[in-house]
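Participant: This is the structure I want to talk about, given as structure tokens.
The values are calculated or read from the model by the stated rules, or taken from the named source; none is laboratory data. Quick caveat: nothing in here was measured; it's all calculated off a predicted structure. For neighbour counting, all protein chains shown are included, and Cβ atoms are generated from backbone atoms with ideal geometry for every residue, glycine included.
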Amino acid sequence: MEETKKPTRKLTTASGRPYTEHENTQSVGRRGPLLLQDFVLHEKMAHFNRERIPERVVHAKGTGAYGTLTVTHDISKYTKAKIFNKIGNTCKMFLRFSTVGGEKGSADSERDPRGFALKFYTEDGNWDLVGNNTPIFFIKDPKKFSDFIHTQKREPRTNLKSPTMMWDFWSLNPESLHQVMILMTDRGTPFSYRHMDGFGSHTYSMINADNERVWVKFHFKTQQGIKNFTGPEADAMRAQDMDHSQRDLVEAIDNKDFPKWTMKIQVMTEEEAKTFRWNPFDLSKVWPHAEFPLIEVGEIELNQVPRNYFAHVEQAAFAPSNLIDGIGFSPDKMLQGRILSYADAHRHRLGVNYEQIPVNACPFMVNNYHRDGQMRVDDNGNEEPNYYPNSFGDVIPDESYKEPAWELDSNIADWYDRNEGEGDNDHYTQPGDLYRKVLSESDRKNLISNIVGAMSGISGPRREQIINLQLCHWFRADIGLGMAIASGLGIDANQAMQQQKH
Ligand code: HEM
């Protein structure tokens, strides 16, 4: 808390009336009872009773900071977004980090993906990139999201976290394998938010001044270096300091050790997308860097801890629907699902006018025909027309912002199962490559011990069935990995191998 500045300021009621007595309620006689007319008592109690707003249904525990995006390389051949039209351009930004499954008071060092949600205040509107510290995700159809998240939260009867629910779901949804593998490496327990990469994860599009479209993925490489806890170190930190990542970020920025990330993109042309061996819009897959190299774009730096956590971090509202001219959606089903979900969540959590809260408000131009609603705190359009079209006002759509049309590869509406379609049911090649080609010997050792530790928590009458099914997936990714996990779980590896052949 900052030192009180001189001269002091008068204490007032919420309506601004200076008053004297903040600690003692007016009473009849020294020993009470209290008088209702000392309404300040009620004002204090009533406000206190309403201090809590709903916590985010996911990513409830988090921290955030303001900073700057600086463009260092020219990518204007891919996008007409104004922020990228010149090297040296800068814009203010806000970044909120989070864990996913835990409640608002949960520990920072839990094994969990980490949220990496960016808001860029560009002159073309606020651009939100609501990603994680992993390039992929557990599922690839948004209809499964609530089921998946239920398994990461508390079990309905015991109100305890349940490894059985988690592995049951993962074993029945093999598209999760790639992300589960990353989660079980030490990247599942980052040392702090400063020491991890961020990813936009989805495939987005970029549209240039000639209205040509490419598909794009966003990457943010930490300049602090990747640093992770091992499983036992993370467990120890949970006991020692529940808020380790929050503390680490605030202290670094307060000490002017401003954390930075290098922003990069991968680009795929529409033609390349047609022949890519996997679905380029499948969030459970990466685009190999050897084929789609990282292209440097800029740098983000966090340099200001908000002066009030609730006002800025708790009330921050990010939405994948917030894109800007020159950056667009893609057919990625998960992205499509998220387009509607977030604004709906914010209307529930913060109210319909949440985009007027300073951290969410566009500092440039906002003109539309939305009116009224709870907590409307701007001038509400003053006396201007509140309908469109009209013959009086000057707020009109600008055709030049229209995106080029999409060419779709099908006009057949159906419910497409994950096990149909070329390349779409290959849940094993990329996890296998990750295990064999990307992870180091010690990464692999820690991965196996983390998986064995986590799967050992599976209990109940379906234990054997869930373990065997999940073992099948590990075997299919890599036989050696499957063998090592089976033996760690005390299961005869050869027998398990035989079982999985049948
Ligand atoms: C937060 C829904 C997938 C990253 C949230 C919230 C909802 C939600 C409702 C809470 C919003 C709030 O109250 O402020 C969904 C749905 C998904 C999905 C329906 C899939 C269909 C993903 C994926 C990622 C992601 C794939 C990352 C690649 C985040 C992050 C936050 C968040 C970082 C926290 C934002 C913040 O810091 O305020 N999600 N999510 N989500 N989600 Fe998702």
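Participant: Working only within segment 183-211, note down all residues that are within 19 Å of Ala117 (Cβ to Cβ), assigned to a helix (DSSP H, G or I) and of a type in the set (A, V, I, L, M, F, W, C).
Facilitator: Leu183
Participant: If Ile339 meets every condition in (1) hydrophobic (A, V, I, L, M, F, W, C); (2) modelled with pLDDT under 95; (3) under 18 Å from the mean Cα position of the chain (by Cα) apart from one, which number is that one?
Facilitator: Evaluating Ile339 over (1) hydrophobic (A, V, I, L, M, F, W, C); (2) modelled with pLDDT under 95; (3) under 18 Å from the mean Cα position of the chain (by Cα) leaves (2) as the failure.
Participant: Consider segment 107-152. How many of its residues are buried (at least 18 other Cβ atoms within 10 Å of the Cβ) and more than 13 Å from the ligand (Cβ to nearest atom)?
Facilitator: 12
Participant: Do we find a residue being more than 17 Å from Met93 (Cβ to Cβ), among the polar types (S, T, N, Q), within 12 Å of the ligand (Cβ to nearest atom) and at pLDDT 95 or above anywhere in segment 293-312?
Facilitator: Within segment 293-312 (the criterion being more than 17 Å from Met93 (Cβ to Cβ), among the polar types (S, T, N, Q), within 12 Å of the ligand (Cβ to nearest atom) and at pLDDT 95 or above), the answer is no, since none of the residues qualifies.
Participant: Look through segment 90-106, keep the residues that are over 20 Å from Lys227 (Cβ atoms) and touching a Leu at 6+ places or on another chain (Cβ under 6 Å), and return whichever of them is farthest from the ligand (Cβ to nearest atom).
Facilitator: My answer is Cys91.
Participant: For segment 484-501, which residues satisfy the criterion of being outside any loop (DSSP other than H, G, I, E, B), surrounded by fewer than 18 Cβ atoms within 10 Å (Cβ to Cβ) and modelled with pLDDT of 95 or more?
Facilitator: Result: Ser487, Gly488.
Participant: Still on this structure, I have one more. Which of the residues spanning segment 234-291 are among the polar types (S, T, N, Q) and surrounded by 14 or more Cβ atoms within 10 Å (Cβ to Cβ)? Can you show your working first?
Facilitator: Residues of segment 234-291 that are among the polar types (S, T, N, Q), as a first pass: 240, 245-246, 255, 262, 266, 269, 275, 279, 284.
The answer is Ser245, Gln246, Thr262, Gln266, Asn279, Ser284.
Participant: Conditions first: (1) within 30 Å of Pro431 (Cβ to Cβ); (2) in contact (Cβ under 8 Å) with a residue 12 or more places away in the chain; (3) outside any helix (DSSP H, G or I). Ala290 passes all but one, so which condition is the exception?
Facilitator: Ala290 satisfies all of (1) within 30 Å of Pro431 (Cβ to Cβ); (2) in contact (Cβ under 8 Å) with a residue 12 or more places away in the chain; (3) outside any helix (DSSP H, G or I) except (2).
Participant: Does Lys227 satisfy being crowded, with 18+ Cβ neighbours inside 10 Å, in the same structural domain as Asp332 (by the TED database) and of a type outside the set (Ser, Thr, Tyr)? Even if it seems obvious, please write down each step before you answer.
Facilitator: Working: crowded, with 18+ Cβ neighbours inside 10 Å: no; in the same structural domain as Asp332 (by the TED database): yes; of a type outside the set (Ser, Thr, Tyr): yes.
When the stated conditions are applied, Lys227 does not pass them.
Participant: Report, by residue number, each residue of segment 349-375 that is under 21 Å from the mean Cα position of the chain (by Cα) and surrounded by 13 or more Cβ atoms within 10 Å (Cβ to Cβ).
Facilitator: Taking segment 349-375 first, the residues under 21 Å from the mean Cα position of the chain (by Cα) are 349-351, 354-355, 357-362.
Across segment 349-375, the qualifying residues are Arg349, Leu350, Gly351, Tyr354, Glu355, Ile357, Val359, Asn360, Ala361, Cys362.
Participant: Same structure, new question: Can you name every residue in segment 40-83 that is charged (D, E, K, R) and within 16 Å of the ligand (Cβ to nearest atom)? Don't jump to the end; show me each part of the working.
Facilitator: In the first step, residues of segment 40-83 are kept if they are charged (D, E, K, R); the result is 43-44, 50-52, 55-56, 61, 74, 77, 80, 82.
Passing the criteria: Arg52, Glu55, Arg56, Lys61.
Participant: Given the condition free of Cβ contacts under 8 Å to residues at least 60 places away in the same chain and either near the ligand (Cβ under 8 Å from one of its atoms) or surrounded by fewer than 18 Cβ atoms within 10 Å (Cβ to Cβ) (or both), answer yes or no: does some residue in segment 327-342 qualify? Let's see the steps before the verdict.
Facilitator: Of the residues in segment 327-342, the ones free of Cβ contacts under 8 Å to residues at least 60 places away in the same chain are 339-340.
Next, from what is left, pick out any that are either near the ligand (Cβ under 8 Å from one of its atoms) or surrounded by fewer than 18 Cβ atoms within 10 Å (Cβ to Cβ) (or both): 339-340.
Among the residues of segment 327-342, at least one is free of Cβ contacts under 8 Å to residues at least 60 places away in the same chain and either near the ligand (Cβ under 8 Å from one of its atoms) or surrounded by fewer than 18 Cβ atoms within 10 Å (Cβ to Cβ) (or both), which makes the answer yes.
Participant: Ok, one more. Only one of Ile207, Ile300 is crowded, with 19+ Cβ neighbours inside 10 Å, among the aliphatic types (A, V, I, L, M) and over 23 Å from the mean Cα position of the chain (by Cα); which? Even if it seems obvious, please write down each step before you answer.
Facilitator: Details: Ile300 fails: over 23 Å from the mean Cα position of the chain (by Cα).
Result: Ile207 is the single residue among Ile207, Ile300 that is crowded, with 19+ Cβ neighbours inside 10 Å, among the aliphatic types (A, V, I, L, M) and over 23 Å from the mean Cα position of the chain (by Cα).
Participant: Give, as residue ranges, the strands (runs of 3 or more DSSP E) completely inside segment 90-151 that count at least 2 residues that are closer than 20 Å to Ile265 by Cα and free of Cβ contacts under 8 Å to residues at least 40 places away in the same chain. Full working, then the answer.
Facilitator: Working: elements: 90-99, 114-122, 125-132.
Correct list: 90-99.
Participant: Hey, does segment 154-176 have a residue that's within 18 Å of the chain's Cα centre (by Cα) and surrounded by 20 or more Cβ atoms within 10 Å (Cβ to Cβ)? Give the derivation first.
Facilitator: Taking segment 154-176 and keeping what is within 18 Å of the chain's Cα centre (by Cα), we get 176.
With the extra rule that they be surrounded by 20 or more Cβ atoms within 10 Å (Cβ to Cβ), the set shrinks to 176.
Within segment 154-176 (the criterion being within 18 Å of the chain's Cα centre (by Cα) and surrounded by 20 or more Cβ atoms within 10 Å (Cβ to Cβ)), the answer is yes, since at least one residue qualifies.
Participant: Can you tell me how many residues within segment 343-360 are within 7 Å of the ligand (Cβ to nearest atom) and among the hydroxyl-bearing types (Ser, Thr, Tyr)? If you could, list the steps in order and put the result at the bottom.
Facilitator: Initial filter on segment 343-360 (within 7 Å of the ligand (Cβ to nearest atom)): 345-346, 349.
Subset that is among the hydroxyl-bearing types (Ser, Thr, Tyr): none.
Total meeting the criteria: 0.
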